1. Out of region B:25-42, which residues are more than 7 Å from chain A (Cβ to nearest Cβ) and within 13 Å of the ligand (Cβ to nearest atom)?
2. Give all pairs with beta carbons closer than 6 Å in which a residue from region B:57-78 that is under 16 Å from A:R88 (Cα atoms) meets a residue that is more than 6 Å from the ligand (Cβ to nearest atom) and in a strand (DSSP E or B); count only pairs at least 6 apart in sequence or on separate chains.
3. Could you please let me know if A:R491 is touching a strand residue (DSSP E or B) at 6+ places or on another chain (Cβ under 7 Å), surrounded by fewer than 18 Cβ atoms within 10 Å (Cβ to Cβ) and of a type outside the set (D, E)?
4. Filter region B:54-72 for residues that are more than 8 Å from the ligand (Cβ to nearest atom) and either modelled with pLDDT under 95 or more than 8 Å from every other protein chain (Cβ to nearest Cβ) (or both) and give the result.
5. How many residues are in a loop (DSSP other than H, G, I, E, B) and more than 7 Å from chain A (Cβ to nearest Cβ) when one looks only at region B:43-52?
6. Return only the number of the condition from (1) crowded, with 24+ Cβ neighbours inside 10 Å; (2) more than 15 Å from the ligand (Cβ to nearest atom) that A:A191 does not satisfy.
7. Here are A:L158, A:L210: which of them is surrounded by fewer than 24 Cβ atoms within 10 Å (Cβ to Cβ), aliphatic (A, V, I, L, M), under 20 Å from the mean Cα position of the chain (by Cα) and more than 13 Å from every other protein chain (Cβ to nearest Cβ)?
8. Return the total of residues in region A:194-204 being more than 23 Å from A:P169 (Cβ to Cβ) and surrounded by 24 or more Cβ atoms within 10 Å (Cβ to Cβ).
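The values are calculated or read from the model by the stated rules, or taken from the named source; none is laboratory data. Everything quoted here is computed from the prediction, not taken from an experiment. Cβ: placed from backbone, ideal geometry, glycine included. Neighbour counts: every protein chain shown.
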Amino acid sequence: MTVERFDLAIVGAGPAGMAAALEARRNRLRTVVLDEQPTPGGQVWRNIESVTTRRPQDLFVFGSEYADGFSFAQRFRACGADFRPGARVWQVEVATPVAAQARDPDPPGAFVLPSGSALDTGPDDEAVHVERRRTGADRHLFYTDARGAHHVAARHVLVATGAYERPVPVPGWTLPGVLTCGAAQVMLKTAAMVPGSPVVLVGSGPLVLLLAVQLLRAGVKPAAVVGTVPSGNYLRAAARLWPALLAPGYLSKGLSLIGALRRSGVARFAAATELRIEGTARAEAVAFRSGGREHRIAAQTVLLHQGVVPNANLWQSLGLEHYWDAAQRCFRPAVDTWGNTTLAGVLVAGDSAGIGGAEAALFAGELSGLSIAWQQRRIDTAERDRRAWLARRALKAHWSVRPFLDRLYQPPSAMRVPADDDTIVCRCEEVTAGEVRQLALTGVPGPNQMKAFSRCGMGPCQGRMCGLTVTELIAATQHRTPSEVGCFRVRAPVLPVTVGEVADLERPSGS
Amino acid sequence: MFRSLRDDGAEAPRPEVTLAVDGEPCTVPSGATVAAALLQRGSIARLTARSGSARAPYCMMGICFDCLVEIDGVPNRQACMVVAEPGMDVRCQDGHRRVGLEPAR
Ligand code: FES
């Protein structure tokens, strides 16, 4: 079997992956970029090339931040990286065994981030020195595309798999007609389709506001926007307002969206609790409490959102050191300021390393690209640090809004730990909150044992939809912290592959 | 159910593809996924393994696997990750495990 070799393999062609590719190519690294989608842009700039060139009349629906993605995608296309669309990576293998890492004399403090951003420490060359010694070894990636399974090798791997929307385990969330807000955006971007009325948006986070305004621009007036931010969040967030004011544009953009929504006359509800979606064969209505009253709003389409969480499966499958971020309510890999992880030659950048947003991801990707170029001796330390200076400053500015946003939009516990026993937690295997809670009460110590007892996390999504809920449910039931409870142990393949596809790998390529 | 942004008919039609969903013809803009066709028709993607309840696309980005359908006889295809092509035969996937019965297909 012939294996193609590269200096750098990037998984994900969103903002972080594209920025890293641009930087790597500027330093003449042979770079391959693998992405699941047919075109570059990630979810934030999904289908940007086609919308810009074939239906420019729709660009106003999405706003200028979306339109900005076009020039970026153009630069990415021209940068000389080998872009492979429709490629789904299901395994990354590292030649250096994890056990060897543990013996490393590295100061562990260089990697561990207690909370928040990766930017509180300066450039920590110590951590990267080790990488520089070891980059001779190959990392192996296995992926499937329309033609079958493939294998590439690279000296460095950058995981830039982005984020997905936090699952919203509420009664009725599995009914047809219930989708995420992001899913409705994908429909607008890729199919020029809008949800049938009446449509109700439920949840919290910038995307709820953005989508509501985008639907209005597209001529769809939502029947209601139901907010779920508990009133206590405002106080907690207010304490972090000052640094957020320094972040470029976030607050003014948010306020202008809120203003547009207010002027539209769409019915709005705040601090909704006891949310449930009613219906038999399909979603028919959203029921909730708000302002001390019960409400029930008829809906054909219900769009849920509780923020986004790292798309972590690939880096989790590598056994990287990670930690629980109590503000973002998710697990994040321990990375240094360049995105280097505890595994030599493997970096994580952008939202898959912790939610910082698309603009932060651009700068994080650039820094990872610089570090990799430096580790492969394409640039010297002085040049790396000179080039990194601006990116670091910009990254820091973008991250300064996060403590505020993380606290303002932190999902209420009822959205993370379902109170109602019949609520489905694992959509694939249809495991309910009651089953998980019951097992947790009998002493099942963690998510992996929970998997064995209940089958939660064993369906095709491999725990992407239930992982965080199971961790938080066990923690809440056993009065432990999510950090103590831990997360599912993810193993390759991280996506379903057929035996036939794996067997095909043995054939010489091209046959 | 989803509908075209251009239901007013004012815009020139873009290239489109016609495929079959559960035996019925369905037309979506070219570049749209099979999941978009399902959502346009209000179709079910699959019946779940444990209870046999109906599921339709939820995330549209390859994460949830609730959009699993059978395409041209091949089961377990993620409808939201497959771009619709002319003539595709898309069918609801009956994944319901039943004791004592032959598999549905
Ligand atoms: S709709 Fe979620 S995987 Fe296709």
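1. B:V34, B:A35, B:A37, B:L38
2. Pairs that qualify, where the first residue is under 16 Å from A:R88 (Cα atoms) and the partner is more than 6 Å from the ligand (Cβ to nearest atom) and in a strand (DSSP E or B), are B:I63/A:Y164; B:N76/B:L68; B:R77/B:V69; B:R77/B:I71.
3. So A:R491 fails the test.
4. Listed by number, the residues that qualify are B:V69, B:E70, B:I71, B:D72.
5. Residues in region B:43-52 being in a loop (DSSP other than H, G, I, E, B) and more than 7 Å from chain A (Cβ to nearest Cβ): 4 in total.
6. Among (1) crowded, with 24+ Cβ neighbours inside 10 Å; (2) more than 15 Å from the ligand (Cβ to nearest atom), A:A191 violates only (2).
7. A:L210
8. 0
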